[in-house]
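Colleague: The structure is given below, and queries will be raised subsequently.
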Amino acid sequence: MKGKSYFSKRVKSDGNNPVGYVYALIVATLVNLFPTVLRAQFLKVNPTEYSVVVADAYKHNPKIEVLSWGIQDTLVLPFFEDFSQQFGYPSPNKWADKQVWINNSFAPDAPNANIATFDHLNELGNPYQTLSTRESVHADSLTSQPINLQFYRKGANTFPYRITDGIYLSFFYKNQGLGDVPELEDSLILFFKTQKGKWRKVWGVNGAHNEKFTEIYVAIDSMDYLIPDFQFRFVNYSKKTGNLNHWHLDYIRMDQGRMAGGVSDIEDVGIVNAETGLFRDYQNIPYSHYKLNANLHMGRTQLRVRNMNEFATVQTRYQLSVSNDFGQTLFKQDFSASSRNVIANTDSSEIFETPYFDTLTGNTPSLQYHFVIDPQSNDQTPDNYNASGNNNSYWLKHQFMPWYAYDDGSAEGGFGLDYAYLGNIPGQFAMEFNTAQDDSLRGIAMYFTQVKEDVSFRNFTLRVWRKISPVGTDDRKDELMYEFPVSKPAYRDSINHFEYFFFDSVLFLPKGQYYIGWYQRQPFVLNVGYDNNYRYSDPNTANPHLFYNLLGSWERADYSIKGTPMMRMLFGERVNYRFSTEKVKPLRLHVYPNPAKQWIKIDLQPGKSFKEIIILDATGRKVMRSTETQIWIGDLPRGTYYVHALYADGQRSSAPINLIH
């Protein structure tokens, strides 16, 4: 095995100390986005994605009902996977499981569009086990479908494979990216299946941070692997910290007649990513606001291409077409309008000046962007490996939704207020929005990610301000318009799924500046999703829209916080939010006696597998946990407590209890 360093143009994170968590001036938890610990700061980011590539920009859960994972038909060499045609989950035609997340936002310096990301979240976005920073487990797996390494056909003849045939598996790997750097004791491991059905470790690397994608070659060097149902499997070994400790894979190839090391044999020019460039600052605004305000339109659509050839400069032509919901072409720039040389091992960007799309119909119309490149030479590798897709073609869809959003729908980390060392005091966070049209605010959408610590029982209050007091002054000039109590964060069984909080009455907002955020009575990190791909104007500019208040005055977020929390202002008509949701019957939980003095007994929902009981005090602080249904609480102070029952399928039930002595 021999590793080869790959070129890189990643956006470097601030700081020099590769620590998993970062503390920013503003009580935010930017998970692993800022590897430097700044204890004077209060905003914390815990690194956690999702891009709009080959997917609806605001579709939360990929449509996978028609797909099925598991062992399927045996594959033959060559094997090739660059994930460019998948999003969300790996293709069941090549892979036997779906635990990794296929995305295009965690590693902007990947070989080409889309990568497979490993963490401690399952395919539904939930941690595999209860969050813990003390224990490590095997987490995500990526297992190939069976591959026939016993024999191959050439014309009408059949030949056996031999260990001298130069069969190699190669792949590019990297950790962290825009997510979290793994701990040193974490690892990424590769296993081969033997003829006895055992999994043998053949390669592994620890969590030391690697700046660039590195290509690894692993030889098929034993007769144990020359079997009709050979498989390989990647597994990450990680702390039980949820959306942290990220590893990324791309450009996986396997064939005979290969050599490891030396000059790269890749001849490929492919699309890396693209941006619609529709809006200034925002990722989405309601179409009714956009079409009446031409100043909101930016119209600089960008395509990024990478030449993976070791030495060859490749002349490449570019094309873009944009169509509406009815398939009508609204804009097209043909190959003849743009062509340039792309230097070996570098990127090239093409800018398309797209028009103002103010003639679309409906409240939530969409635009389909189709990018195509035409390299004139040295682009044979995918074809040589019988690639099923084409990384020279790239689809991007944007649907105008009835909300204002800075984020792209991806959570590379978690965000919250981190100020426990100040004592048990309340805190506030506010996020600035500038609306372009008079409209009715119906609610707030938030994405909650599960990172490092369990805050699933913490309550907070959503708030909307007409204005907040000037930075550094007494906060008595705040103009609070609305507040909405939330009993706990909502975690959905899907990746990057937002929770929608609708107000009991709409707020009519004249166009202008407003703030949304939350109030919490005590210190904890809420872990709202954090989009680390957002940038206000350039890669080095801090996000100017973020504020926090801990000691009676508002302060701006620190310069190191450049991404955005995933909170959105929901406008428009109620009909636009008729989501299809499953009606769930509330679970029964009976706690007695109530009031209680010393012991309580708990009757659980019949027929459900019980996991544990958690008891919180009136402030939401966890005071006791148990796996028994008869619990001694006589040592707790008198007062009101809340008993929560957790079930094995992730559902919960709760009931209050009064303790008297």
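Colleague: Please state which of the following conditions LEU360 fails to meet, knowing it meets all the rest: (1) aliphatic (A, V, I, L, M); (2) out of contact with any strand residue (DSSP E or B) (no Cβ under 6 Å at 6 or more places or on another chain); (3) assigned to a strand (DSSP E or B).
Modeller: For LEU360, the failing item is (3).
Colleague: Within the range 172-199, which residues are among the aromatic types (Phe, Trp, Tyr) and touching a helix residue (DSSP H, G or I) at 6+ places or on another chain (Cβ under 6 Å)?
Modeller: PHE192
Colleague: Does PHE234 qualify as being modelled with pLDDT of 95 or more and among the aromatic types (Phe, Trp, Tyr)?
Modeller: yes
Colleague: Ok, one more. Hey, THR461 hits all of (1) polar (S, T, N, Q); (2) in a loop (DSSP other than H, G, I, E, B); (3) at pLDDT 90 or above but one; which does it fall short on?
Modeller: (2)
Colleague: Oh, and also: Please state which one of PHE498, PHE508, PHE571, PHE484 is surrounded by 16 or more Cβ atoms within 10 Å (Cβ to Cβ) and more than 26 Å from the chain's Cα centre (by Cα).
Modeller: PHE484
Here's the yes/no breakdown for (1) surrounded by fewer than 22 Cβ atoms within 10 Å (Cβ to Cβ); (2) within 14 Å of ASN245 (Cα to Cα); (3) touching a strand residue (DSSP E or B) at 6+ places or on another chain (Cβ under 7 Å):
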{"position": "ASN93", "(1), (2), (3)": "yes, no, no"}
{"position": "ASN126", "(1), (2), (3)": "yes, no, no"}
{"position": "LEU142", "(1), (2), (3)": "no, no, yes"}
{"position": "ASN157", "(1), (2), (3)": "yes, no, no"}
{"position": "ASN175", "(1), (2), (3)": "no, yes, yes"}
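Colleague: Related question: Any idea how many residues of the range 133-184 are polar (S, T, N, Q) and either part of a loop (DSSP other than H, G, I, E, B) or modelled with pLDDT under 90 (or both)?
Modeller: Residues meeting the conditions: 7.
Colleague: Here's something else I'd like to know. For the range 95-124, which residues satisfy the criterion of being polar (S, T, N, Q) and open to solvent by less than 10 Å² (accessible area, probe 1.4 Å)? Steps first, answer last, please.
Modeller: Applying the first criterion (polar (S, T, N, Q)) to the range 95-124 yields 99, 103-105, 112, 114, 117, 122.
ASN103, SER105, ASN112, ASN114, THR117 - these are the residues of the range 95-124 that are polar (S, T, N, Q) and open to solvent by less than 10 Å² (accessible area, probe 1.4 Å).
Colleague: Select from the range 611-639 the residues that are exposed (fewer than 12 other Cβ atoms within 10 Å of the Cβ) and under 21 Å from LEU587 (Cβ atoms) and list them in ascending order.
Modeller: THR627, GLU628, GLN630
Colleague: Tally the residues that are under 23 Å from ARG652 (Cα atoms), in contact with a Pro (Cβ under 9 Å, 6 or more places away or on another chain) and not hydroxyl-bearing (Ser, Thr, Tyr), restricting the search to the range 482-540.
Modeller: Residues in the range 482-540 being under 23 Å from ARG652 (Cα atoms), in contact with a Pro (Cβ under 9 Å, 6 or more places away or on another chain) and not hydroxyl-bearing (Ser, Thr, Tyr): 7 in total.
Colleague: Just one of (1) assigned to a loop (DSSP other than H, G, I, E, B); (2) under 28 Å from TYR530 (Cα atoms); (3) of a type in the set (A, V, I, L, M); (4) modelled with pLDDT of 95 or more trips up LEU249, so point out which.
Modeller: (1)
Colleague: State which residue pairs qualify: first residue within 22 Å of ASN391 (Cβ to Cβ) and of a type outside the set (Phe, Trp, Tyr) and inside the range 319-340, second residue open to solvent by less than 70 Å² (accessible area, probe 1.4 Å) and assigned to a loop (DSSP other than H, G, I, E, B) in any location, beta carbons under 7 Å apart, and separation of 6 or more residues or different chains.
Modeller: Filtered contacts from the range 319-340: VAL322/THR354.
Colleague: Any residue at all in the range 519-532 that's aromatic (Phe, Trp, Tyr) and not in a loop (DSSP other than H, G, I, E, B)?
Modeller: Yes, the range 519-532 contains a residue that is aromatic (Phe, Trp, Tyr) and not in a loop (DSSP other than H, G, I, E, B).
Colleague: Continuing with this model, one more query. Any chance you could count how many residues in the range 195-211 are more than 30 Å from PHE448 (Cα to Cα) and part of a loop (DSSP other than H, G, I, E, B)?
Modeller: Taking the range 195-211 and keeping what is more than 30 Å from PHE448 (Cα to Cα), we get 195-205.
Okay, now just the ones that are also part of a loop (DSSP other than H, G, I, E, B), so 195-198.
Of the residues in that region, 4 qualify.
Colleague: Could you list all residues from the range 374-398 that are in a strand (DSSP E or B) and touching a helix residue (DSSP H, G or I) at 6+ places or on another chain (Cβ under 9 Å)?
Modeller: Selection gives ASP374 alone.
Colleague: Something else about it: Among GLY414, GLY409, which is the only one that is part of a strand (DSSP E or B), modelled with pLDDT under 95 and in contact with a Lys or Arg (Cβ under 9 Å, 6 or more places away or on another chain)?
Modeller: Every option except GLY414 fails the conditions.
Colleague: Right, another one. Could you run through the range 425-446 and say how many residues are open to solvent by 10 Å² or more (accessible area, probe 1.4 Å), hydrophobic (A, V, I, L, M, F, W, C) and closer than 18 Å to PRO510 by Cβ?
Modeller: Residues flagged as open to solvent by 10 Å² or more (accessible area, probe 1.4 Å), hydrophobic (A, V, I, L, M, F, W, C) and closer than 18 Å to PRO510 by Cβ within the range 425-446 amount to 1.
Here is a yes/no grid of residues against (1) of a type in the set (Gly, Ala, Ser); (2) open to solvent by 10 Å² or more (accessible area, probe 1.4 Å):
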| position | (1), (2) |
| --- | --- |
| GLN368 | no, yes |
| ASN390 | no, yes |
| GLY409 | yes, no |
| ALA420 | yes, yes |
| PHE460 | no, no |
| ILE468 | no, yes |
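Colleague: Of these, TYR482, TYR491, TYR514, which one is of a type in the set (Phe, Trp, Tyr), out of contact with any Asp or Glu (no Cβ under 7 Å at 6 or more places or on another chain) and either closer than 28 Å to TYR89 by Cβ or modelled with pLDDT under 90 (or both)?
Modeller: None of the other options fit; the residue is TYR491.
Colleague: Let me ask something additional. Might you check whether a residue that is assigned to a loop (DSSP other than H, G, I, E, B), open to solvent by 20 Å² or more (accessible area, probe 1.4 Å) and touching a Phe, Trp or Tyr at 6+ places or on another chain (Cβ under 7 Å) occurs anywhere in the range 311-331?
Modeller: no
Colleague: A further question on this structure: Is it the case that GLU183 is surrounded by fewer than 15 Cβ atoms within 10 Å (Cβ to Cβ), under 30 Å from the mean Cα position of the chain (by Cα) and not hydrophobic (A, V, I, L, M, F, W, C)?
Modeller: no
Colleague: Residue check: is HIS289 farther than 22 Å from ASP97 by Cα and not basic (Lys, Arg)?
Modeller: Taking the combined requirement at face value, the residue satisfies it.
Colleague: Same structure, new question: Just to be sure, is TYR559 among the hydroxyl-bearing types (Ser, Thr, Tyr), outside any strand (DSSP E or B) and either on the phi > 0 side of the Ramachandran plot or surrounded by fewer than 16 Cβ atoms within 10 Å (Cβ to Cβ) (or both)?
Modeller: The answer is yes for TYR559.
Rundown of residues vs (1) open to solvent by less than 10 Å² (accessible area, probe 1.4 Å); (2) in a loop (DSSP other than H, G, I, E, B); (3) of a type in the set (Ser, Thr, Tyr), yes/no style:
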residue	(1), (2), (3)
SER264	no, yes, yes
GLU267	no, yes, no
ILE271	yes, no, no
TYR282	no, yes, yes
HIS289	yes, no, no
LEU292	no, yes, no
ASN295	no, no, no
GLN302	no, no, no
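Colleague: Okay, next question. For the range 230-246, give me the residue count where each residue is more than 26 Å from LEU77 (Cβ to Cβ) and either part of a loop (DSSP other than H, G, I, E, B) or more than 20 Å from the chain's Cα centre (by Cα) (or both).
Modeller: 5
Colleague: Something else now. Would you mention how many residues in the range 515-551 are of a type in the set (Val, Ile, Thr), open to solvent by less than 30 Å² (accessible area, probe 1.4 Å) and within 25 Å of ASN103 (Cβ to Cβ)?
Modeller: Let us first name the residues in the range 515-551 that are of a type in the set (Val, Ile, Thr), namely 516, 525, 528, 541.
Now restrict to residues that are open to solvent by less than 30 Å² (accessible area, probe 1.4 Å): 516, 525, 528.
Applying the additional criterion that residues be within 25 Å of ASN103 (Cβ to Cβ) yields 525, 528.
Summing the residues that are of a type in the set (Val, Ile, Thr), open to solvent by less than 30 Å² (accessible area, probe 1.4 Å) and within 25 Å of ASN103 (Cβ to Cβ) in the range 515-551 gives 2.
The values are calculated or read from the model by the stated rules, or taken from the named source; none is laboratory data. What you see is a predicted model; the values in this text were computed from it and never measured. Reconstructed Cβ throughout: ideal geometry from the backbone, glycine too, with neighbour counts over all protein chains shown. Remember, those area values only see protein heavy atoms, side chains included, never the ligands or the DNA or RNA. Shrake-Rupley method; radii C 1.70, N 1.55, O 1.52, S 1.80 Å.
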